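The values are calculated or read from the model by the stated rules, or taken from the named source; none is laboratory data. Computed from a prediction, not measured in an experiment: that's the story for all the values here. Using ideal geometry, Cβ is built from the backbone for each residue, glycine included, and neighbour counts are taken over all protein chains shown.
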Amino acid sequence: MSSIERLECVRARRLAHARLDGDVLAPEDAALLDTHLAGCEPCRVLGVELAEIQRELRGIPVPGLDAAVLERVWGSTSRAGTAARGSVARRSWRVAAAAAGLTLALVGLPWIIGERREREAVRDAEMRRATVEARLVLAVAGSALRRAERAVTEDVLVRGIGAALDRTPIRWSGAARSRPTRGDNGA
Amino acid sequence: MLDIRRASRIFVFGLLLVPAGWAQTKPAAAELVDATRLVEAVGEENVRLRITIPKAILAALSGAGGDPEIGSVVSGLESMNAVILDLSNAERAARARKAARDLEADLRGKGWEELAYVQEEGATVRVLVRTDGESKQIRGLVVLVIDTTDDEPALVFANVTGTIDLAKLQQIGQGLNVPGLSDLNLK
């Protein structure tokens, strides 16, 4: 890339920034920019990327500024500035810091609160789901146990304890302790 | 008089006894029973329901904010898992029966004992338990139900590990207001 081309690129990028910022370019500047973008791929790519960044930035919700909060911040920074009587640079730094803090508080706090609420909502949903699933597993296990118990009871009533134990080696108290095996009459 | 070397030996011996004491007071839960072979026998596409609840979620369910009805039952549990498989096809049902028999044989080989086996017309209920060697406390439960009498024939597998109170499980299963196994609408 020659130095003339680089100069064109620098100028074109400045014009591209201005256009993205909403400035109305003079007709000759607009023509110059369009001609340059048509022939210079790096500037064209940069222009597209800048446009995308700007679009994404516009998509970020801007929280409403509470007048009372602004008043407090303004008051505290003014007092700090007056008391300090520092240099212009120091005052500027404080104002900038206060502005940055306010921006972070206004943008970051709702985001943090939102994140926490989202996590709590997910946790609640997981708990509800786990509760339903646990109930189902317990119901399945309980149902199988009751079914086995019912079968044994019916067998005992109909055919006597020996036949029942022959079919169902079941123990309800002290489970699985010295149970007869299938085929063993037990009684 | 007790010299330092002897005292240190007693101290080290005492330290060695502490973990042994812990191990005795808190017996290990039975290992989770993998239902993969049952699923593989009928194909993943025939899984109607699959539930896995890890220890952390069970602990949350039994803690504050959890369902008080099931909290008392799941408080000692370490895991719950269940699978319900569609057996509407006769060939699939035969494969599932074989897989269930194989799983039962495998579990028996690993020290699980049959608590109940009920064979009725078109339905088989197997309940296997894993007990702790010394206390005879039930530390694992497997329920295997193959029911082809229903409109929607199914294999139901449920596995619970941890400290299990069968009487409580049966009792809570009745009061859970969940329809009986044959009435479960799982679709």
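Residue by residue, here is whether (1) over 16 Å from the mean Cα position of the chain (by Cα); (2) more than 10 Å from every other protein chain (Cβ to nearest Cβ); (3) outside any strand (DSSP E or B) holds:
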residue	(1), (2), (3)
B:ALA99	yes, yes, yes
B:LEU107	no, yes, yes
B:GLU114	no, no, no
B:VAL125	no, no, no
B:GLU134	yes, yes, yes
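Remark: pairs (first residue in the range A:122-138, facing chain B (nearest Cβ under 9 Å) and in contact (Cβ under 8 Å) with a residue 24 or more places away in the chain; second residue of a type outside the set (A, V, I, L, M) and surrounded by 12 or more Cβ atoms within 10 Å (Cβ to Cβ); Cβ separation under 9 Å; 6+ apart in sequence or on different chains) are absent. Taking into account only those residues within the range B:131-145 that are touching a Lys or Arg at 6+ places or on another chain (Cβ under 7 Å) and either among the polar types (S, T, N, Q) or surrounded by fewer than 22 Cβ atoms within 10 Å (Cβ to Cβ) (or both), which is nearest to A:GLY142 (Cα to Cα)? Out of the qualifying residues, it is B:THR131. With the condition kept exactly as written, say whether any residue in the range B:83-95 is within 17 Å of B:LYS168 (Cα to Cα) and in contact (Cβ under 8 Å) with a residue 60 or more places away in the chain. Checked against the condition, which is being within 17 Å of B:LYS168 (Cα to Cα) and in contact (Cβ under 8 Å) with a residue 60 or more places away in the chain, the range B:83-95 yields no hits at all.
From the list A:LEU145, A:LEU165, A:LEU102, which one is modelled with pLDDT under 75 and assigned to a helix (DSSP H, G or I)?
Details: A:LEU145 fails: modelled with pLDDT under 75; A:LEU102 fails: modelled with pLDDT under 75.
Of A:LEU145, A:LEU165, A:LEU102, the one residue that is modelled with pLDDT under 75 and assigned to a helix (DSSP H, G or I) is A:LEU165.
Please find, within the range B:26-55, the residue that is surrounded by the most Cβ atoms within 10 Å (Cβ to Cβ) out of those that are of a type in the set (A, V, I, L, M, F, W, C) and within 10 Å of chain A (Cβ to nearest Cβ). I'd like the intermediate steps shown before the answer.
From the range B:26-55, those of a type in the set (A, V, I, L, M, F, W, C) are B:28-30, B:32-33, B:35, B:38-39, B:41-42, B:47, B:49, B:51, B:53; that's our starting set.
With within 10 Å of chain A (Cβ to nearest Cβ) added as a condition, the list becomes B:49, B:51, B:53.
On the way: B:LEU49: 17, B:ILE51: 19, B:ILE53: 23.
Across the range B:26-55, the extreme among qualifying residues is B:ILE53.
Every residue in the range B:149-158 that is out of contact with any helix residue (DSSP H, G or I) (no Cβ under 6 Å at 6 or more places or on another chain) and either touching a residue at least 12 places away in the same chain (Cβ under 8 Å) or surrounded by 24 or more Cβ atoms within 10 Å (Cβ to Cβ) (or both), please. Can you show your working first?
Of the residues in the range B:149-158, the ones out of contact with any helix residue (DSSP H, G or I) (no Cβ under 6 Å at 6 or more places or on another chain) are B:149, B:151-154.
Matches in the range B:149-158: B:THR149, B:GLU152, B:PRO153, B:ALA154.
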